[in-house]
Each structure stands twice: as C-alpha cells, then as structure tokens.
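Below you'll find the structure, written out as structure tokens, and then a few comments.
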Amino acid sequence: MSKEGDNIVIPPTALQVMEEFVAVMHADPDIPDDAINRLETLLLKGVVPKPDDINKALFESSTESEI
Amino acid sequence: MIRVKTLEIKDFRGIRKLNLNLACNNFGICGPNGTGKSGVVDAIEFCLTGDVTRLSGQGTAGLSVKNHAPHVDQRTHPEKANVTITGDIPSLNKSFTIHRSVKNPKNVMITPPDAAVEGIISELETHPEFALSRREIVKYIITPPGQRSIDVQILLRLDHIERTRKTFTTFNNKCRDELDEAERNRIKAEVDLKTALKIDKLEHALVLEKINENRKILGLPALYELTKSTSFKSGIAALQDADKKPSLSKVVAQADLSALQKTLQSEEPAMLIDNRQAANTALEKLRDDEQALTIARRHGFIKTGLDLVTEDACPLCDTPWKADDLRDYLRKKILNAEETEKLLGKLRTNINTVLEALTNRIQAIVRVIQYSESLKPPVQHIEVDTYLNDLREVGTALKDFLEDHCRVGPAITAITKSWWSPATHQQAQINECIAAINTLPDTSIAEQARDILSVAQDRYTRLLLATREKRNRGSQSTIAQKILDHYNIIATRVLEGIFDQVAKDFSTYYRSINRDDEEKFVGTLTSEPAKLSFNVDFYGRGLFPPGAYHSEGHQDAMGLCLYLALMKHTLGDKFTFAVLDDVLMSVDTGHRREVCRLLKKEFPNTQFILTTHDRVWLQYMKTENLIYGSQSFGGWTVDSGPRVWDDHDIWSEIQNELAKDNVPQAAWLLRRYLEYTAVILADNLRARIEFRGDGQYDLGDLMPNVLRQWRVLLEDGEKSAIKWKLEEEKTTLAGMRATAKELIAKTNTEQWAINPSVHFNEWANLRAHEFQEVVDAFRTLLGHLRCENPVCLSYLYISPRKGLPEELRCNCGKTAINLKT
C-alpha cells in the first residue's frame, strides 16, 4: 500500500523495497541503528533524497571527537 | 481508481456536443476512421488529467492543449471547450463529478469537494496510463530494451526506486572520493613527520628514538610509548618554554627544503609518468568516444537517441536513415557500459596516484612560501605563488573530473601539464628561500632540539588527525558501499519478483487468447542494468524478441496482455478503469472472442472503454457480453461532430428528415445505417461476399448476399426440423421463410444486382412518400432478423463461428434454430 507523507505518495513497490532495505540494514552490524532510523525517516518523506541529506542522516553525529 | 458513469463533452477536439451514459459498465465506441472516437478518448484523458497525450506527447511540436484541444471553431474560446465526468470510486464508496475546461487545464473542479477523491484524481494526473492507444500499448512490445525499461518503470511506478538507486550511487562515489582525499592527506602528514625527524620509515621505535635523542639534549626523560596522547614536549614546561613555538626552525626548515630540493633535482618518477600517461590515454579515449557525444551529457543523449530509433529516420531531425544502420552508427560512438565502468575504474586509480604526488608537492610549496614570509627580511615568492596556483589548478581539474566525468577536457589539459619541475624563475625563488634559510644563524643544540620536538609534535598531531579523518572516511565509505549494495540487492530482487510475476500473468493471458495454436507459449522479462529485455516463445523454437517472428496481430495481443499484467501488478484491486483506443486493430477475428473472454474473466471489476473502427469487433464485444452499452458513430462533419448511430433513434431521425421533405438526407442516413448493419449481419450469418482486396464493400456488395444467406439458413433450419421430425418447428420456419421472402421483396434488395434503376443510389431521387415505403420495408426487414425478445433484440448469428454451422441463435437463447441435418 502507498504511504503518504506531506501529501507525497510513495509508490507501493518503492515502499516494499524500502521496508526490506531497512530490515536488511538493521541486520547488518556495521551500520548503526540510529543512522538507519534517521535514513528511514528521510526516505519516508517520499521525495528521493539528495546525497548531502543522506550524508547528514547517516553521519551527522557519528564523527569521533577524540584523537 | 474510478468508474465512469456519464461523460459530457462540449466543443472539444472534433466533438461539438456529446453525452454518453456508460453506467459504470464496459462500453464500446465504434465508427469509421475520422468519426470522433479518439476525440472521446482524448476528452476522458483531458478531464481526468488536464492533458491530452496526442497534443503534448512525443512528436507533437507546435501543438498544445490550450490551442488545439478546443473544437476548431472555438479555438479562440477555450472556455467553451469543457468535459464533465460523473462516476464512482469503488475503493472509497463515493461518487464524484469532475469538470475541466481547456481555458484552465490544470484547474479541476471536483464536486463534492473531498480530499480522498482529489488524491485519486491527482494520482491519475501523474500516471495517465489508464488511457492507451494501440501505438502506445504496442510500444511495450516492440520498443528497444532501454526504452522499455523506462516505459515499464513509469507504468509500474518504479522510477522512484531507480532515482533512489542513483542517489545512493552518487553518495557512495562521493564517500569514496572523500576517502581518497583523506588518504592523500594522511600520507602527506606522514611524510612531513618523517622529514622533521629525518627518518625513512614511520615506525614507533624509530620515532621514539629520534624524539628521545632530542629530549636527551634537553635533559628530559625518555618516552617509552607512542600513543594518541603522547607529548613529545612533556617536561619542556619545566623549562618555561613549552608553548613557545619556533617562529622558524632552521633545522626543520632545512630538512623540509632539502627534501623538496631533492625531488626537484630528480627526474619525474617513472611511476608518476606511467600513471599520467595511462590516465591521459584513458581520458583521450573517453574524449574521442564522447567527442560526438559531448562527454557524459551527449553520452546519455546518444543512448536515448539509440533507444528512440524505431523508424528509418533520425529521431531528432528526421534525416532518412536505415534504422539498423543508424543504430550501428550510434553504437560505435559509445562505449558499452561495462567497458566504460572498467575504464573509469582504472582511470580513477591513475588519477589518485597523480593527485597524491601533487598534494605532496603543493604542501611542500606552501611551506616554501611560509618560510619565505617568515624570513627577515621576507624573500620574494611571487613566482612560487604562480607555481602553486598552477599546481592547484591541475589538482582541481583532476578532482573535478572524478566528481563529474563530463569535465574531461580540463582533465586532459591537467594530466598532460608538466608540473614536476618548476620554471627556471620559479625554481630561482625557491633557491633564494633555501639560501636565506641556510644563512640563518645556527641555533644552539638545545634550541634545535626544542624546535624539532615542537614541530614534530605539530606534525604528529596532524598525522593523528589525518589518520582519524581517514578512518572516519573509511568507515563512512564502507557504510555507503554497504547501503548501496543492500539497496541494489533488495531492489533487484523485488523487481525480479515483479517482472517474474508480470511475465507469468502475461503468458497466462496470452495463452488464453491463443490457446488454439500457442498453448505452450511463455514470455520472459529480464531486468538488466538500464534495460528490460522481453522475449517470447515462438512455437517451441526458442525465445525471441516479440517483433522477431510474431505477426503484427500477435504483437497487438501481446501488447494488450503485457499492459494488463503490468496494470494488475501496479494497481491490483484498484485497476477499475481503462480506456483502450483501437488497441486490437490487427487481432484476427478468430481470437477476438478470446480477448473478450479474457477481459471478462480476469478483470471483472475493471470498467473498459474500448474504441474500434470495426463494427464486427463491436458486435463480438456485445455477443460475448463484454460490453453492456455502446455508441456507434456513423459519420462526422466539422460543423456537427460525430454522427451518432442509435438503433432506437435512427428511424426517428429519418422520419424527421422525411417530414421536412429532405429525402436526400433521409436516404443518406438509411444507406449509412444499412451499411453499418450489413457488415454485422454478413459476419453473423457468414454470408458469402465477393472478396475485395481493398476491403471496401458497399451496400450493394453486402445486403443482397446477406439476405440470400438468411433465406438459405431458414431453409436449412426447416430441413433440419424435417429430419428430426419437429413439426411445430418446421411450421414456424416455413412461416419465417415466407415472411422473409415477402419482406425482402418489398425492399427490392434482390433486384439491386440486376436492375440498377431500383438501386439504393436512386433513393435520393425518390419523393418523400415513395422513400417512406423503402424505409418502412427495411425497418420491418431488420426487425425480422432480430430476436423477438424486447430485452435481447440481438441480430441472429451462426454458432460456432467457424466450421460446420450448428445453430442460428440470438444472445438470450430465446431463438435457437437447429441447422444440423
């Protein structure tokens, strides 16, 4: 089924791909869960994100602070 | 999706005013070419989407909805061109009215206002595939794989997936570039530290040994481990010099400049030359490949053009070309995707190697400038600045190319630029800086040790930062690659599943239409990068593209089946409405009933609006109960639009003309109506008509033979009744035969072939009361050929359609005359 966010409908097939994609990412220990959650939120907006948005969602809070 | 109840069209395309009552059921629209059928399709599309593909799609330059959708006489009054649709939305259990005017195509009026209804209409606006012409539907079959991939993606709403995939790819490339950059910076930081400490290898023991040598000079305790928090200067605080940075350390500067001088005096390393040459060769190959393509942009353009070559002409300028020659010509101009990817991968490695050396050189020259400025008096470095700018330009051009492969020209200029050895005047200023450093007074051993520790500390910290940066970029790049891989795998798996299911449904549908000779038929859809291959079985001889061996009629049927399979997958239960404009033009009569059955059986909840110029096809649709209503167009004039044939109204219309003593018009109406009916009857009764190669049969060709066949069939029925000793049946049929003879005689039809003076061509010369007799005779005769049941009223037809006739029957079954003897 389609999902709506800000009146943008995600096509059902795209949504199916997205759901399976998120599940596979969660099963991957190399990808942090909070990054996946932020990426999922971004993808669910219905608009294909820009690379900078993906970068922000994935890495904005993961930079190491110590040398 | 929606179901259409009524359609009202005003001054739109070739239609002046037309009302259709579809009652949410399947509906047929029939008429010869140029009578306005497609105008109805355009009107439906316009009302639901605000657009008319025929006026805005491919090859419609110079046309527009606003200027050309109104009836030609209202072209300056677009406000008078309107379409109104009433209908239901089953999924919402709601009714609606949609009104749209050409004056403002994007402004749709939906009543009553309802957000959910508006949402469904909005979705139709963006995906108008519910209305397809034969040309549009067959494109799924005969289009090249690249274009099919795009078309099918759009129909299945898969473009979102493809665009997401592209974004992840771009993101992954960006992360990889950043990792490369971080690695170059780390290597440079390592080189700088080694230079400051005058060591060849960056090993803990060596670093500690050099650090401790200097600490010993200062009387500081030795360090025994090298960690992130190790301070080479620990203890210097006690000497109250800890934070004092040397403004210019002669010994470190000499080490830095000595390392630079050494490289400047050497020849360009073979490894660097090799990488520059390899990169240049690859870049030139790209340029030559893309020269006619203007790099990547034209690469895409040519690829698109290649897919668009469907006729013997250039798709852009219409210059005549043989399609195959043009395709070959274009193919030669582009590298295939695999080769390009391989080439770009190697090129990337070559350029990164060059960039690594370039980064080292840039940082060394930056240091020369810093030293020049630190000297008192400062040493001039304007020429060195120029050299630095040149180096940076080279680096920027190469990095730009890595980000965007369109920028191949500047990259070639950069990669061929000889930057290893600076110009003589540039070298002279570097030498001046070195000489000035060498003339600085020597500092004490202790001061030198303190300076070395201080600079080494800075460079060690920079190395740690660069290492951390590289590690971060590395893990980010790993995650980006994993994300891209995961998405590719999932998307491919889902799409393959979809294509498998679509191919399965397609094969089932096609087999059901062609069960007589292709019951083992299968079709496959194979998704590959940027293309969707479609192959079908050809009588067990293998899988081939649909256009390879199958006839046009079979391709038409495949187009419909693939479209239905795609729509079923895309919309599922929401596939409740489709307009098919003359889509089965080439399907032979033997398979049309199967098409009707397919639509009824597999899509019982879909409202189909089907147009055809073939009256027999329309009759099949009725006979098979596919459609419950229809509208026939019997002609068209620019002033009045389509002439609507209505069984119930045609006789009233003729009477009206006769009442006005307009015999020519009444005669024209009767003749066109009889022509329309004669085709249906000829097919129903399997009348023997003299074959004409051009397929053009007039009333004189058809009607006498139809009526002769009718009498033969009644006679056959009577013989059958006699054989089976059915007295009552025999009497009835004898009566029908007598009636038929009398009614046919009244129409003079049997005389047409032998006596032109009573030919229908003379009707217009008759007087009104004389022609009234002709009208009455034909009206009664046609009634005689129908079922008596007022609910049925269908023209009788022979069953089965092929082979030995068994029965003359109607749709409802009330009339069933046995023909078997």
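The values are calculated or read from the model by the stated rules, or taken from the named source; none is laboratory data. Small disclaimer: the values here were computed from a predicted structure and weren't measured. With ideal geometry, Cβ positions are generated from the backbone for all residues, glycine too; neighbour counts draw on all protein chains shown.
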For this session: Give region B:158-171 a look and list any residue that's within 7 Å of another protein chain (Cβ to nearest Cβ), under 12 Å from the mean Cα position of the chain (by Cα) and either free of Cβ contacts under 8 Å to residues at least 60 places away in the same chain or surrounded by fewer than 21 Cβ atoms within 10 Å (Cβ to Cβ) (or both), or say none.
Result: B:His160
For this session: For chain A, please list each of the helices (runs of 4 or more DSSP H) lying entirely inside it that holds at least 1 residues being at pLDDT 90 or above and farther than 16 Å from B:Tyr487 by Cα.
Result: A:33-43, A:51-59
For this session: Just one of (1) more than 30 Å from B:Met621 (Cα to Cα); (2) touching a residue at least 24 places away in the same chain (Cβ under 8 Å) trips up B:Cys787, so point out which.
Result: (1)
For this session: May I ask you to verify whether B:Thr396 is under 30 Å from B:Ala282 (Cα atoms) and surrounded by fewer than 18 Cβ atoms within 10 Å (Cβ to Cβ)?
Result: yes
Exercise. Residue check: is B:Arg407 surrounded by 15 or more Cβ atoms within 10 Å (Cβ to Cβ) and either more than 14 Å from chain A (Cβ to nearest Cβ) or among the aromatic types (Phe, Trp, Tyr) (or both)?
Worked result: yes
Exercise. Of the residues that sit in region B:205-235 and are more than 24 Å from B:Leu465 (Cβ to Cβ) and of a type in the set (D, E, K, R), which one is nearest to the other protein chains (Cβ to nearest Cβ)?
Worked result: B:Glu213
Seminar exercise, completed: The lone condition B:Thr467 fails out of (1) in a helix (DSSP H, G or I); (2) surrounded by fewer than 20 Cβ atoms within 10 Å (Cβ to Cβ); (3) without any contact (Cβ under 8 Å) to a residue 12 or more places away in the chain is (3)
For this session: Looking for whichever is closer than 23 Å to B:Ser258 by Cα, in contact with a Lys or Arg (Cβ under 6 Å, 6 or more places away or on another chain) and in a helix (DSSP H, G or I) here; the options are B:Gln457, B:Gln448. Which one fits?
Result: B:Gln457
For this session: Could you check, for region B:521-536, whether at least one of its residues is touching a residue at least 60 places away in the same chain (Cβ under 8 Å), out of contact with any Leu (no Cβ under 8 Å at 6 or more places or on another chain), part of a helix (DSSP H, G or I) and away from chain A (no Cβ under 14 Å)?
Result: no
Problem set entry | Neighbours by Cβ (under 6 Å, 6+ apart or cross-chain): first from region A:26-51, surrounded by 16 or more Cβ atoms within 10 Å (Cβ to Cβ); second part of a loop (DSSP other than H, G, I, E, B) and of a type outside the set (Ser, Thr, Tyr) | A:Leu42/A:Pro49
Problem set entry | Subset of region B:481-494 (residues that are buried (at least 19 other Cβ atoms within 10 Å of the Cβ) and more than 8 Å from every other protein chain (Cβ to nearest Cβ)) | B:Leu484
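Listed here are the residues, each with its yes/no results for (1) exposed (fewer than 15 other Cβ atoms within 10 Å of the Cβ); (2) within 50 Å of the chain's Cα centre (by Cα); (3) under 19 Å from B:Thr263 (Cβ atoms).
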| site | (1), (2), (3) |
| --- | --- |
| B:Asn173 | no, yes, no |
| B:Ala182 | no, yes, no |
| B:Asp200 | yes, no, yes |
| B:Val207 | no, no, no |
For this session: Return the total of residues in region B:806-818 being at pLDDT 90 or above and surrounded by 18 or more Cβ atoms within 10 Å (Cβ to Cβ).
Result: 4
Problem set entry | Subset of region B:509-519 (residues that are in contact (Cβ under 8 Å) with a residue 40 or more places away in the chain and either assigned to a helix (DSSP H, G or I) or under 25 Å from A:Val17 (Cβ atoms) (or both)) | B:Tyr509, B:Tyr510, B:Ser512, B:Ile513
Problem set entry | Identity of the residue in region B:368-408, touching a residue at least 60 places away in the same chain (Cβ under 8 Å) and farther than 27 Å from B:Asn350 by Cβ, that ends up farthest from the chain's Cα centre (by Cα) | B:Leu375
Exercise. In region B:590-614, which residues are part of a helix (DSSP H, G or I) and touching a Gly at 6+ places or on another chain (Cβ under 9 Å)?
Worked result: B:His591
Exercise. Tell me, which helices (runs of 4 or more DSSP H) lie completely within region B:1-97 with 3 or more residues that are under 24 Å from the mean Cα position of the chain (by Cα) and buried (at least 21 other Cβ atoms within 10 Å of the Cβ)?
Worked result: B:37-49
Exercise. Applying the selection to region B:164-219, what residues are aliphatic (A, V, I, L, M) and not in a helix (DSSP H, G or I)?
Worked result: B:Ile199, B:Leu202, B:Leu218
